[in-house]
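Colleague: Here it is, the structure, as structure tokens.
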Amino acid sequence: MTAAAAGLARAVLAAWLGLLLLLSSVAGQALVPGVMIFGDSVVDAGNNNRLPTLVRADFPPYGRDFPATHAPTGRFCNGKLATDYTVENLGFSTYPPAYLGQEAQSDNRTLLHGANFASGASGYLDATATLYSAIPLSRQLDYFREYQAKVEAVAGGGGKKLTSESIYVVSAGTSDYVQNYYVNPMLVAAYTPDQFADLLMQPFTTFVEGLYGLGARRIGVTSLPPMGCLPASVALFGGGGGGGGCVERLNNDSRIFNTKLEAASDAVKRRHSDLKLVVFDIYNPLLDLVSNPTNAGFFESRRACCGTGTIETSVLCNQGAPGTCANATGYVFWDGFHPTDAANKVLADALLLQGLQLIS
């Protein structure tokens, strides 16, 4: 397909999506009954606030640009996550609550449009989450079973419709590499990056099959980002500070993983003809933001806003971190690992077009 044809196809898809959104807004309802979110810190909306872990974001300056409250929520961002924007794009006026949060635990009715089960530092390997006292994906699946029982108690038969027609978003894998494989000499000695990617495909498949077994039929799984472009990766693995280019060997590991993820997803779909399973390409949209920030209105794509803009993440990104920028809207990265609110908006728009088949 030529670039012009690809651009026309995207324009047609965008127009169709815009029409769907317009019709849903006129009807006063969302495009799907709910959204269920699983995975790591990229999509964690506050579950880690309730855990005895250092991987948390329930303190300033996290959340300083979050609408209305301008207060930390547990999101690893200055404001909204890409999934928050996605939920808005689908026509919802509220976000799926963190399942372990006080709101969800005290009132089951808040769960009637989905829930967020994600946990910062979780990965496809349960061992990754265990290292940081996070919630592994296997436990997130257990919480989803518990969630279904709670919804059934307040929605009756509507619970099955919610389960089967909701969109499921899964974001994992980065922590398996950056917070486990790359810093674990035993893993590096035991597996090449290619072999490690193969290792992750089994728990990925098990998790998706688990969701399917519980009734999920519309699942979107994010690819790995360009891990070598994360400011912390450049600082820790680039051999000299965070001001240079991306670490190509890490980006290559992302591409290897993403190729295998596509193949594993295709294998799952072949087993289940009624399953809509989409791999969201986060790699190329984020790489484009890093490589060509001014095209999208950004001016800083190498250094993060928080602190020195290199390794500060979680407890290192705190109110006392020197150098934190006053306005993050021109920055692609908020901390050493996570995009800003502004970048998340751009990424969410790209993912929405990719996931059109999930709502059609």
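Colleague: In the Gaussian network model of the chain, springs joining C-alpha atoms below 10 Å, which of HIS338, HIS113, HIS70 carries the largest mean-square fluctuation?
Modeller: Looking only at HIS338, HIS113, HIS70, the biggest GNM fluctuation is shown by HIS70.
Colleague: Contour minus end-to-end for HIS70 and SER291, with contour as 0.36 nm per residue of separation and end-to-end as the Cα-Cα distance? Numbers along the way, then the final one.
Modeller: Numbers: separation 221, 0.36 × 221 = 79.56 nm, distance 2.99 nm.
Result: 76.6 nm gained on full extension.
Colleague: Taking amide H atoms as placed 1.01 Å from N in the peptide plane, list the residues 5 or more away in sequence, or in a different chain, whose amide H sits under 5 Å from that of GLY39.
Modeller: ALA118, SER119, SER171
Colleague: Choose one of GLN179, THR53, ASN251: the residue whose Cα lies farthest towards the positive end of the charge dipole of segment 32-359 (beta-carbon charges +1 Lys, Arg; -1 Asp, Glu; about the Cα centre).
Modeller: Comparing the listed Cα positions along the dipole, THR53 ranks first.
Colleague: Tell me which cysteines of the chain come out unpaired when the rule is another cysteine's Cβ under 4.7 Å.
Modeller: Lone cysteines by the Cβ rule: CYS77.
Colleague: Now a separate question. From the phi angles alone, apply the Karplus equation (6.51, -1.76, 1.60; θ = phi - 60°) to segment 160-171 and give each ³J(HN,Hα) in whole Hz, x where the residue is Gly or Pro.
Modeller: 5, 5, 4, 5, 7, 9, 6, 9, 10, 10, 10, 10
Colleague: Sort CYS317, CYS325 so that the residue with the fewest other Cβ atoms within 10 Å of its own Cβ comes first and the one with the most comes last. Don't skip to the answer; put the middle values down first.
Modeller: On the way: CYS317 26, CYS325 19.
Least crowded to most crowded, the residues run CYS325, CYS317.
Colleague: Once R0 is set to 25 Å, what does the formula 1/(1 + (r/R0)^6) return for the Cβ-Cβ distance between GLU209 and LYS161, expressed as a FRET efficiency to the nearest 0.05? Walk me through the numbers before you get to the answer.
Modeller: Working: r = 22 Å, r/R0 = 0.87.
After rounding, the FRET efficiency stands at 0.70.
Colleague: If you take the beta carbon distance between ASP58 and THR259 as r and set R0 to 25 Å, what does 1/(1 + (r/R0)^6) give as a FRET efficiency, to the nearest 0.05? Each step should come with its number before you reach the end.
Modeller: Values: r = 36 Å, r/R0 = 1.45.
According to the calculation, E is roughly 0.10.
Colleague: Given points 7 Å out from each Cα along the Cα-Cβ axis, report the ASN327 to ASP349 separation in nanometres with one decimal.
Modeller: 1.9 nm
Colleague: Please work out which option in [x] 0.94; [y] 1.00; [z] 1.46 gives Rg/Rh (Cα atoms, Kirkwood Rh) calculated from these coordinates, and answer with its label.
Modeller: [x]
Colleague: From the backbone phi of segment 317-334, what are the Karplus-calculated ³J(HN,Hα) couplings (6.51 cos²θ - 1.76 cosθ + 1.60, θ = phi - 60°) in whole Hz, Gly and Pro given as x?
Modeller: 9, 10, 4, x, 5, x, x, 4, 5, 7, 9, 8, 5, x, 9, 6, 10, 7
Colleague: Name the residue, out of ARG75, ARG109, ARG302, whose mean-square fluctuation peaks in a Gaussian network model built on the chain with Cα pairs under 10 Å.
Modeller: Taking springs between Cα atoms under 10 Å, the residue moving most is ARG109.
Colleague: Long-range amide H contacts for PHE280: which residues qualify at under 5 Å (H placed 1.01 Å from N, peptide plane, sequence gap of 5 or more or a different chain)?
Modeller: VAL221, THR222, SER223
Colleague: Which one, TYR283, SER314, GLN105, is farthest towards the positive end of the dipole of the chain when Lys and Arg carry +1 and Asp and Glu -1 on their Cβ?
Modeller: GLN105
Colleague: Taking amide H positions as placed 1.01 Å from N in the peptide plane, with prolines and chain starts having none, which residues 5 or more places from PHE333, or on another chain, fall under 5 Å of its amide H?
Modeller: CYS305, THR340
Colleague: I want to make sure I understand the PRE zone here: with the label point 7 angstrom from the Cα of SER133 toward its beta carbon, which residues in segment 84-110 have backbone N atoms less than 13 Å away?
Modeller: none
Colleague: Per-residue ellipticity at 222 nm for the chain, helices alone: DSSP H runs ≥ 4 residues times -39500 (n - 2.57), over residue total, nearest 500 deg cm²/dmol? Could you put the intermediate results ahead of the total?
Modeller: Numbers: 14 runs with 161 residues, N = 360.
About -13500 deg cm²/dmol.
Colleague: Let me ask something else. State, to one decimal in nm, how far the label point of ASP107 lies from the label point of ASP126, with both points 7 Å from Cα in the Cβ direction.
Modeller: 3.5 nm
Every number in this text was worked out from the coordinates using simple rules, so none of it is lab data. What you see is a predicted model; the values in this text were computed from it and never measured. When we count neighbours, we look across all protein chains shown, and the Cβ atoms used for this are built from the backbone with ideal geometry, even at glycine.
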